[in-house]
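The values are calculated or read from the model by the stated rules, or taken from the named source; none is laboratory data. Computed from a predicted structure; not experimentally measured. When we count neighbours, we look across all protein chains shown, and the Cβ atoms used for this are built from the backbone with ideal geometry, even at glycine. Calculation scope for accessible area: heavy atoms of the full protein, side chains included, ligands and nucleic acids excluded. Shrake-Rupley method; radii C 1.70, N 1.55, O 1.52, S 1.80 Å.
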Amino acid sequence: MVPRRSFRPFSAMPGRLFSALLAGSLLAAAPALTAQSARLVAVDQHLMVNADSGSTPWWKHAVIYEIYPRSFQDSNGDGIGDLNGITQRLDYLQSLGIDAIWISPCYPSPQVDFGYDISDYEKIDPQYGTLADFDRWVAEAKKHNIRIIMDMVMNHTSDKHPWFVQSAASRTNPKADWYVWRDPKGYTADGKPIPPNNWISGFGGSAWQWSPERKQFYYHEFYRQQPDLNWRNPEVEKAMFDTVRFWLDRGVAGFRFDAIPTLFEDEALRDEPALGGTNAQGDPNLSDIYTNNLPEVHDVMRRLRKVADSYPGDRVLIGETYLNSAADLNKWYGGAHHDELQLPMDMQVGFLNRLDAATFRTRITDAETKIDGNQPLFVFDNHDNRRSWDRYGDGIHNQQIARILATLLFTTRSTALMYYGEELGMVTSTPTRKQDVKDPIGITGWPREKGRDGERTPMQWDNSKDAGFSTADKTWLPIPDNYTTVNVKTEQADPASLLRWHGQLIAMRRQNPALHDGEITMLDENNPDVLAYVRHTPGSPAVVVAVNCSGEARTVHLSLASLGISASTAKTLLTDAPELDKAISLGDVTLPAYASWVASVQ
Ligand code: GLC
């Protein structure tokens with residue numbers, strides 16, 4: 001089930017604990033890549049695609065790479081990543097084939113929520129560098145054909161932001177109505193103020209925080225240090241849109257809007273219905289009908305889109321949109337009007353969290369057929385969820401399973417969003433002792449909720465000190481034990497590595513016309529274990545993709561007759577199954593357990 005809000009995935013305790021156990025056993029097993037575990041076949045150079053025609057926006061075929069700046073590359077030895085560090089690593093990102101970086105917040109922040117609590121929207125946090133470093137990074141990235149996408153948090157600010165400091169000072173100041181302030185419902189017998197309603201924070205406890213100065217509560221969807229802005233006040237929209245313009249003027253290619261479905265709350269403050277039971281923080285499970293995905297947000301999105309469209313260069317608006325269906329997602333595009341976000345994230349495919357060919361097929365088909373021709377954006381990993389390696393892996397076949405996920409991400413028609421380290425098979429390294437936890441929800445929720453540190457550990461570059469991430473004696477989060485084998489340098493040298501697999505897929509997607517821009521048609525649609533489809537475009541050979549989601553060999557029936565393709569053989573482009581590394585007769589094709597196969601129809 002897709003979580004109702006961004007932070008829900010890691011509160012689904014049984015799954016989390018289960019996979020954490022699997023991850024532990026996997027680490028112990030540390031399966032070395034064998035030469036025969038992947039057979040890579042060179043990309044067909046003669047099928048090179050030229051740059052997209054002028055009318056196709058760049059983001060439509062893009063690979064977007066999320067960087068958590070604290071954890072990518074430390075250039076000054078303080079144990080924390082920074083912008084100059086990212087600049088140093090642009091050659092690597094270019095060689096991987098990415099088109100854009102989405103950087104998690106790097107603005108000044110008290111770092112309660114590691115940057116998602118912003119105290120100044122128009123500067124860079126000194127931990128990460130300066131605006132001059134930022135400008136140099138953007139310029140260098142451009143030379144590497146890489147665009148920069150900023151994270152933009154519009155739902156809330158830090159409680160240290162001057163807007164909130166002023167707002168909290170009195171009920172009459174000019175910003176008094178910039179946040180969601182309400183009188184108490186009453187007082188207890190011993191004089192304690194009672195919150196206005198039953199709403200809970202996604203990060204634990206009541207969503208209402210008492211302010212002794214104002215003698216009122218303010219609302220916070222997330223930590224109490226993250227007060228929600230009042231989007232019913234037009235001045236708030238104006239101020240936020242000004243910050244959006246500030247970065248667009250500086251040349252960024254777009255934004256990823258954080259927690260964007262939670263901008264509005266029910267004006268009447270109705271209690272949310274209880275669903276029964278408690279969550280990882282010990283709070284009652286509530287429906288979120290009055291705090292999440294309220295219809296008012298779409299007017300804001302349309303106005304925001306107008307701002308982006310007033311700039312040249314196809315600036316892109318991406319949304320963090322955990323929603324339950326393609327129909328819900330479609331509203332975030334503006335449906336057939338195409339006038340809201342260009343790329344609200346589809347979390348249905350990537351956060352299915354089980355290797356289930358039939359459900360993948362349904363959800364990919366939904367993304368093709370139920371969003372009015374808008375462009376899907378698939379994502380399997382981010383800084384809020386246990387890594388896909390552990391969510392999908394069974395502890396034994398994680399390498400092959402990771403190849404399946406990458407194959408789906410890069411060979412469907414979707415724009416691809418990936419997270420640093422995903423290309424290496426970095427594992428979730430959840431702290432084992434409460435005193436080591438950095439993410440506050442892992443402290444308040446311990447041991448049911450251990451927080452998000454595990455998916456935020458430093459990038460593993462090589463097998464030197466600190467995995468090449470830093471020279472500090474202590475990095476902000478520890479380097480996972482497996483860095484000596486799971487790292488960029490080692491994997492670059494190994495033709496069978498997961499990193500090389502990613503590079504091959506990304507190159508094929510760019511160069512092969514059918515994979516680049518072709519339609520997608522599902523094949524053998526009732527096959528419960530093998531997900532298979534063909535990408536096809538006039539004038540170029542079609543490409544068949546098949547992944548076996550089961551632990552046993554399975555046969556898939558590949559008939560292209562309904563597409564008017566009469567070919568009888570396919571030439572393998574990429575596979576991790578040695579027995580498929582040859583010309584294959586179409587019809588019934590048998591894939592070994594967890595095999596991935598991509599082939600050009602002859
Ligand atoms: C989003 C971010 C998450 C953050 C939350 C509050 O879900 O991805 O990291 O904690 O919003 O800003």
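Checking each residue in the range 279-324 for being within 16 Å of the ligand (Cβ to nearest atom), under 27 Å from Val63 (Cα atoms) and β-branched (Val, Ile, Thr) picks out Ile318, Thr321. The set of residues from the range 314-331 being in contact (Cβ under 8 Å) with a residue 60 or more places away in the chain, crowded, with 19+ Cβ neighbours inside 10 Å and under 23 Å from Asp384 (Cα atoms) comprises Val316, Leu317, Ile318, Gly319, Glu320, Thr321, Tyr322, Leu323. Against the definition (farther than 20 Å from Trp597 by Cβ, away from the ligand (no atom under 16 Å from the Cβ) and assigned by TED's automatic domain parsing to the domain that holds Asp384), how does Thr457 come out, yes or no? Against the criterion (farther than 20 Å from Trp597 by Cβ, away from the ligand (no atom under 16 Å from the Cβ) and assigned by TED's automatic domain parsing to the domain that holds Asp384), Thr457 does not qualify. The residues of the range 438-451 that are within 14 Å of Gly204 (Cβ to Cβ) and in contact with a Gly (Cβ under 9 Å, 6 or more places away or on another chain), listed by number, are Asp439, Pro440, Ile441, Gly442, Ile443, Thr444, Gly445, Arg448, Glu449, Lys450, Gly451.
Tell me, which residue of the range 235-261 that is within 16 Å of the ligand (Cβ to nearest atom) and assigned to a helix (DSSP H, G or I) is surrounded by the most Cβ atoms within 10 Å (Cβ to Cβ)?
First, pick out the residues of the range 235-261 that are within 16 Å of the ligand (Cβ to nearest atom): 240, 243, 255-261.
Keeping just the survivors that are assigned to a helix (DSSP H, G or I) gives 240, 243, 260-261.
Values: Met240: 21, Thr243: 18, Ile260: 27, Pro261: 24.
Restricting to residues being within 16 Å of the ligand (Cβ to nearest atom) and assigned to a helix (DSSP H, G or I), the top hit is Ile260.
Residue pairs whose Cβ atoms lie under 8 Å apart, sitting 6 or more positions apart in sequence or on different chains, and linking a residue in the range 222-240 that is free of Cβ contacts under 8 Å to residues at least 60 places away in the same chain to a partner that is within 16 Å of the ligand (Cβ to nearest atom) and outside any loop (DSSP other than H, G, I, E, B), are Asn230/Tyr179; Val236/Leu229.
When Ile441 is tested against (1) away from the ligand (no atom under 15 Å from the Cβ); (2) crowded, with 22+ Cβ neighbours inside 10 Å, only condition (1) is not met. Listed here are the helices (runs of 4 or more DSSP H) enclosed by the range 474-520 that have at least 2 residues being touching a residue at least 40 places away in the same chain (Cβ under 8 Å) and polar (S, T, N, Q): 498-511. Of the strands (runs of 3 or more DSSP E) that lie entirely inside the range 557-602, those containing 1 or more residues that are touching a Pro at 6+ places or on another chain (Cβ under 7 Å) span 596-601. Scan the range 204-224 for residues that are among the hydrophobic types (A, V, I, L, M, F, W, C), under 19 Å from Tyr290 (Cβ atoms) and more than 15 Å from the ligand (Cβ to nearest atom) and jot them down. Trp208, Phe217 - these are the residues of the range 204-224 that are among the hydrophobic types (A, V, I, L, M, F, W, C), under 19 Å from Tyr290 (Cβ atoms) and more than 15 Å from the ligand (Cβ to nearest atom). Here the condition is being within 16 Å of the ligand (Cβ to nearest atom) and either over 21 Å from Ser71 (Cβ atoms) or open to solvent by less than 20 Å² (accessible area, probe 1.4 Å) (or both); of Arg387, Arg363, it holds for Arg387 alone. Tell me, please, whether a residue that is of a type outside the set (Lys, Arg), surrounded by fewer than 18 Cβ atoms within 10 Å (Cβ to Cβ) and modelled with pLDDT under 95 can be found in the range 300-311. No, because not a single residue in the range 300-311 is of a type outside the set (Lys, Arg), surrounded by fewer than 18 Cβ atoms within 10 Å (Cβ to Cβ) and modelled with pLDDT under 95.
One residue is enough: does the range 117-125 have a residue meeting the conditions farther than 29 Å from Gln226 by Cβ and open to solvent by less than 50 Å² (accessible area, probe 1.4 Å)?
Here is the first cut: in the range 117-125, the ones farther than 29 Å from Gln226 by Cβ are none.
No.
Can you confirm whether Pro105 is within 16 Å of the ligand (Cβ to nearest atom) and either over 30 Å from Trp501 (Cα atoms) or not assigned by TED's automatic domain parsing to the domain that holds Val244 (or both)? No.
Could you list, in sequence order, the residues of the range 522-541 that are touching a residue at least 24 places away in the same chain (Cβ under 8 Å) and either of a type in the set (A, V, I, L, M) or surrounded by fewer than 18 Cβ atoms within 10 Å (Cβ to Cβ) (or both)? Listed by number, the residues that qualify are Met522, Leu523, Glu525, Pro528, Val530, Leu531, Ala532, Val534, Thr537, Gly539. With respect to the conditions (1) part of a loop (DSSP other than H, G, I, E, B); (2) closer than 23 Å to Asp473 by Cα, Gln435 falls short on a single one, namely (1). As a summary of the residue check, Ala268 satisfies the conditions (1) open to solvent by 20 Å² or more (accessible area, probe 1.4 Å); (2) within 25 Å of the chain's Cα centre (by Cα) except for the one numbered (2). Do we find a residue being more than 24 Å from the chain's Cα centre (by Cα), within 27 Å of Pro162 (Cβ to Cβ) and in the same structural domain as Tyr121 (by TED's automatic domain parsing) anywhere in the range 272-293? No, because not a single residue in the range 272-293 is more than 24 Å from the chain's Cα centre (by Cα), within 27 Å of Pro162 (Cβ to Cβ) and in the same structural domain as Tyr121 (by TED's automatic domain parsing).
If you go through the range 454-468, how many residues are assigned to a helix (DSSP H, G or I), open to solvent by 10 Å² or more (accessible area, probe 1.4 Å) and over 18 Å from Pro431 (Cα atoms)? Give the derivation first.
Residues of the range 454-468 assigned to a helix (DSSP H, G or I): 454-455, 465-468.
Going one step further and asking which of them are open to solvent by 10 Å² or more (accessible area, probe 1.4 Å), we end up with 465-466, 468.
Filter once more, so that each one left must be over 18 Å from Pro431 (Cα atoms): 465, 468.
Of the residues in that region, 2 qualify.
Residues in the range 143-179 that are closer than 19 Å to Ile103 by Cα and free of Cβ contacts under 8 Å to residues at least 60 places away in the same chain were compared, and the one that is least open to solvent (accessible area, probe 1.4 Å) is Ile146. If the condition is being open to solvent by 10 Å² or more (accessible area, probe 1.4 Å) and closer than 12 Å to Gln602 by Cα, then the range 543-574 contributes Ile565, Ser566, Ala567, Ser568, Thr569, Lys571.
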